Every structure is written in structure tokens, then in C-alpha cells.
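Data block below; observations after.
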Amino acid sequence: MKNIIVIILLAIFSSIKVQAQMDEALVRECAKSVAGDATYLKDFVVDLGPAEADGRPPQAKYSMILQKNNEYNFTICNSDTKPGKGVIQLFDTNRLQGSSFIETTGKDFGGFNFKCQKTGVYHLWIFFQNGEPGLAVSIVSFVGTM
């Protein structure tokens, strides 16, 4: 009985380690795509399932404080292991400040720069187009002072 428990625990821990290594590799690859001399600040790894029955895609939400007169870069990179294409949106309270995807044109930019006009809490939303399941990493970088 102890052998079975040990085998099950080893299987669980090894699968967690493999997933963590895949996430780290995705973060490293995405960090390479950040433009210019931007300074890496934080990454968010998002793994979401398919849309619910009501058609709304699941979303991940993160909050962060951004400072006035600073420019930030928000980049999103998708994993090849799942079909979803990630979208990153930045909100100040209820107002959309930036998006990597323009729904009206269908244009996907893979990221955007944001010139912060006021210090405060901003909300980062990440979801996948068409409600598909997806795995992506978003990297927030400091570009410079305005």
C-alpha cells in the first residue's frame, strides 16, 4: 500500500515539475520578444479552459499599480500546446486603456505600449479569442520615463 502511495505522489510531483519547466520556457521565449531596452517587471502565466455554455470565455484578472509619467509595455505570447490566441487588455477602473486585439478589425498586435497619465491601480485582463482553451504568458515591462 505504501508503494502505491509513493508512486502516485511521484507521478503528481513530476507532472507539476514538467509543467513548471514548460511555463519557464514560455516566459523566456516571450521575454526575448519584448522590444528595445525595456526592463522586465513581471510575468503572468495563464492556462484557461474553453468558454462556458453561455459563450463567455474564462478570464484571468490581475491588478497592479502603475506610476504616472512612465511608459510600460504589455506583451502576450501563446503556447503551441493549445489552440487559443491570448488577448491582453488594460483597464483603469472601467475604461479600456490598451488592448493587444482590436475586435472590430480582427487585428492582433501581440502587445501594446501604455503611457501612464496617473498613478493608480490598473487591471490586466487576459482571455483567449473565440473562447478557445489556451496557454499564454503576458510580460509587463518598463519602457522609460516620459
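So here's what we get for this one:
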| read-out | value |
| --- | --- |
| HN-Hα J in Hz across region 99-106 - Karplus 6.51, -1.76, 1.60, θ = phi - 60°, x for Gly and Pro | 8, 7, 9, 9, 5, 5, 9, x |
| Taking only Cα atoms of region 67-144, radius of gyration then Dmax in Å | 12.9, 38 |
| Burial order of peptide ranges 71-77, 98-104 (average beta-carbon count within 10 Å, highest first) | 71-77, 98-104 |
| Accessible area per residue, Å², region 102-146 with all protein chains present, probe 1.4 Å | 51 Å² |
| Summed residue charge, Cβ within 9 Å of K82's Cβ, Lys/Arg positive, Asp/Glu negative | -3 |
| Cβ crowding within 10 Å averaged over residues, with 59-65, 43-49, 137-143 ranked highest first | 137-143, 43-49, 59-65 |
| Within the accessible area of region 70-146 (1.4 Å probe), percent carbon and sulfur | 50 percent |
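The values are calculated or read from the model by the stated rules, or taken from the named source; none is laboratory data. Predicted, not measured: the structure shown is a model, and the values here were computed from it. Every residue, glycine as well, gets a Cβ built from its backbone with ideal geometry; the counts of neighbours run over all protein chains shown. Protein only, heavy atoms only, side chains kept; ligands, DNA and RNA dropped before computing areas. Shrake-Rupley method; radii C 1.70, N 1.55, O 1.52, S 1.80 Å.
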